[in-house]
Each structure stands twice: as C-alpha cells, then as structure tokens.
1. Pull up all non-local amide H partners of ASN17: gap of 5 or more, or a different chain, and H-to-H distance under 5 Å with H placed in the peptide plane.
2. From the phi of every residue in the stretch 77-84, what ³J(HN,Hα) in whole Hz does the Karplus formula 6.51 cos²θ - 1.76 cosθ + 1.60 yield, where θ is phi - 60° and glycine or proline is x?
3. Counting only other residues whose beta carbon sits under 14 Å from that of HIS13, what net charge do I get with K and R as +1, D and E as -1?
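Please treat every number below as a calculation from the coordinates, not as lab data. Every value quoted in this text rests on a predicted model; they were computed, and no experiment measured them. Heads up, the Cβs are rebuilt from the backbone with ideal geometry, glycines too, and the neighbour counts pull from every protein chain shown.
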Amino acid sequence: SYEELAAVTGAGHRVVNSYGSYLNQQKPFGYSVYAYQDTWKAFYTLSDPTTNQTLTPAQEALIVGLSVSQWVIQTDAANLFANTWPRSAALAERAWSPRADVNTTAAEPRLEAWRCALTQRGVPAARW
C-alpha cells in the first residue's frame with residue numbers, strides 16, 4: 001500500500017514498488033469505470049507510486065524499481081501476451097520517465113515501436 005511505501009522508505013530501505021500494478025485489471029487502480037480498450041493508457045497515467053504521497057526526495061530516491069503482476073483469473077494462453085505486453089511496457093516507461101510525463105499521445109509511437117520489435121522477434125504482442 002502507499003502507507004507501507006512511505007513507512008519502508010521512511011525507515012531508509014530501498015523498495016521495488018508493485019502496489020496497483022496488476023496487469024489483469026480491466027479497471028486499473030484509480031479508475032471508477034471499466035476501461036478495457038485503453039487500459040495501457042490508464043496504467044501509463046496512474047502508475048506513479050508517489051501519487052498523493054508526501055514522500056521526501058530522499059524517500060523517492062529509495063524507490064529503485066517497479067514490479068508488475070499478471071494474475072490468471074482472466075488470462076490464459078490465448079490472451080497472455082495481449083494483456084501483458086502493452087500494459088507492462090506502459091508501466092516500464094513510466095517507471096523511468098519524469099513524473100510529469102504522462103502524455104499518452106506522445107508515448108504511443110514509442111510503445112508501438114516496442115510492440116513491433118517484439119512481434120519481429122516472434123512474441124505475439126497485441127496492438128495497444
């Protein structure tokens with residue numbers, strides 16, 4: 001939780017954040033409606049682990065990574081890559097981008113290029 005993130009970094013420990021990064025969500029954390037078609041955009045705009053936090057710059061520096069999870073409740077071999085790659089790529093880009101950079105229009109060509117690279121390597125990554 002965000003409270004645990006603040007407590008752990010407040011104690012001086014480095015963390016890899018995973019809160020809210022469940023890729024199987026059709027309604028990402030922070031959304032009040034289902035947004036299945038544009039879920040990658042929701043993850044892209046809402047994936048900052050410090051949102052609504054009062055972390056100090058020193059605490060923020062202790063967040064060293066982001067972990068994502070794909071649960072199998074609504075996922076099987078037929079849609080694993082379709083669900084996993086667009087959403088995890090969006091979260092990965094947000095993890096290393098400046099906090100204010102949440103422009104999905106600007107991100108889409110970069111993420112589409114990543115998808116093309118995956119499909120050229122034989123990974124059946126779905127279109128955004």
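1. VAL64, GLY65, LEU66, SER67
2. Coupling constants for the stretch 77-84: 4, 6, 10, 4, 5, 4, 7, 6 Hz.
3. Counting the neighbours of HIS13, the net charge comes to -1.
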